[in-house]
1. Answer with yes or no whether A:Arg122 is surrounded by 12 or more Cβ atoms within 10 Å (Cβ to Cβ), in a strand (DSSP E or B) and of a type in the set (D, E, K, R).
2. Give region A:131-157 a look and list any residue that's under 12 Å from A:Leu105 (Cβ atoms), facing another protein chain (nearest Cβ under 7 Å) and either assigned to a strand (DSSP E or B) or touching a Pro at 6+ places or on another chain (Cβ under 9 Å) (or both), or say none.
3. Considering only region B:41-69, state which residues are more than 10 Å from every other protein chain (Cβ to nearest Cβ) and over 21 Å from A:Leu39 (Cβ atoms).
4. Are there any pairs with C-beta distances below 6 angstrom linking a residue in region B:1-23 that is more than 9 Å from every other protein chain (Cβ to nearest Cβ) to a residue that is among the aliphatic types (A, V, I, L, M) and in a helix (DSSP H, G or I), with the two at least 6 apart or on different chains, and if so which?
5. A:Ala68 passes all but one of (1) over 27 Å from B:Pro84 (Cβ atoms); (2) under 23 Å from the mean Cα position of the chain (by Cα); (3) surrounded by 13 or more Cβ atoms within 10 Å (Cβ to Cβ); (4) not assigned by TED's automatic domain parsing to the domain that holds A:Val172; which number fails?
6. Name every residue in region B:128-152 that is modelled with pLDDT of 90 or more and under 28 Å from the mean Cα position of the chain (by Cα), in order of residue number.
7. Does at least one position in region A:71-86 carry a residue that is more than 8 Å from chain B (Cβ to nearest Cβ) and among the aromatic types (Phe, Trp, Tyr)?
Amino acid sequence: MTTPKADRPATAVIGLLLLAAGAAVVDWRWDLAGMWTRLDTGEVDAAVDAGWFPWVALAAAVALSAFALWWLLARLPRRADGRVALASSGSDRIDLDARSIVPRLRDDLERSAPVDRVTSRRSELRGGQLVQLRANVDPRADAASLVNAAGSLTEAVRTAFPDGEITVRVLVDEPRRERARRTPRVH
Amino acid sequence: MKLRDPRRRPVVSTLAVLAALLLIGLAAVLAQHAASERGWTGADSWLRAALAVLDDPRPSVWVLTGGIAAALLGLWFLVAAFLPARRSHLPVDGIGDLWVSPRAVEALASDAAERTPGVLHAASEMRRRRLKVKALLAPEHEAAVADILEAVGARLHGIAEVEIVVQAKEANR
């Protein structure tokens, strides 16, 4: 899931409106600021009775539901385009599909580092792609083997793509639960 | 180019779904009012029923409960809107772009401690930059504490610059 940019401002505005509505009800009950006693419901009723009000309400309903639906759908993950343009010479141009090298990077990490169940995620980065590999560590692992494996993977990618078209990042998570372990652990 | 640190999903991202559903609810009330006033449906307008309540001198228990709930929810939304997303992994120095989660560091530390002679069981807990290793020692193995410190330090050397604290308890005979 992605986090749309509208999340923070829109949630803050809705939060303020809810807080104001709640404060008005509290003032109505305990008469703290005397706001409610000055409220003239006659004007509100007159506005609601006006002929234009149902149309305005309908337009507001359409606008609000369109915004809410867009807001909900904006967080669905989108597939990043895998194509990366490699440095070209003259009229020739080579596009690489980053999707083709991701399984290889996953295998390399699983083979060289004390980790299992490597998953990957691609995202677009200015002028290239970031491949994020995520794996569960083997609890018997030592730090040096993790650092070396990540270092050699980064080095290999950097050698293959010196202009930074593909960048790799390794995230190491806690081991999988004992129950899910494929081979029994022997002490 | 500087890449963004790996982060957890911010709290506001979950609350935004709730906020969007609230907006859809408000839109439904407005649409029902329009449909009722134009005669597209035989039902009475919900909005008019809600506005009629405003003429009461004091709010009913239900309105008061709803108002207080709305205020609390609004406060939660407002606070969450400004809470930053927390970093999910710790950076590791080296040529590779490697990040390790605190839970992974705990697992490595617990395993290193459990493999120290005289340790029956070990569990670790990481808070910020402090790693607490709780160990259950076999009887007459008090000296294992220094070994645990050394083993955990050696295992984590190079991935996590943390302060290691060992809390040991001797098992009953």
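1. For A:Arg122, the condition - surrounded by 12 or more Cβ atoms within 10 Å (Cβ to Cβ), in a strand (DSSP E or B) and of a type in the set (D, E, K, R) - is met.
2. Selection gives nothing.
3. Passing the criteria: B:Thr41, B:Gly42, B:Ala43, B:Asp44.
4. B:Val11/B:Ala80
5. For A:Ala68, the exception is condition (1).
6. Matches in region B:128-152: B:Arg130, B:Leu131, B:Lys132, B:Val133, B:Lys134, B:Ala135, B:Val152.
7. Within region A:71-86 (the criterion being more than 8 Å from chain B (Cβ to nearest Cβ) and among the aromatic types (Phe, Trp, Tyr)), the answer is no, since none of the residues qualifies.
Yes/no per residue for (1) touching an Asp or Glu at 6+ places or on another chain (Cβ under 9 Å); (2) of a type outside the set (Gly, Ala, Ser); (3) within 20 Å of B:Leu23 (Cα to Cα); (4) facing another protein chain (nearest Cβ under 7 Å):
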residue: A:Lys5; (1), (2), (3), (4): no, yes, yes, no
residue: A:Ala10; (1), (2), (3), (4): no, no, yes, yes
residue: A:Val13; (1), (2), (3), (4): no, yes, yes, no
residue: A:Ala20; (1), (2), (3), (4): no, no, yes, no
residue: A:Ala23; (1), (2), (3), (4): no, no, yes, yes
residue: A:Trp30; (1), (2), (3), (4): no, yes, no, no
residue: A:Ala33; (1), (2), (3), (4): yes, no, no, no
residue: A:Thr37; (1), (2), (3), (4): yes, yes, no, no
residue: A:Val44; (1), (2), (3), (4): no, yes, no, yes
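The values are calculated or read from the model by the stated rules, or taken from the named source; none is laboratory data. Computed from a predicted model, the values in this text were never measured in an experiment. Please note: Cβ atoms are built from the backbone with ideal geometry, for glycine as well, and neighbour counts cover all protein chains shown.
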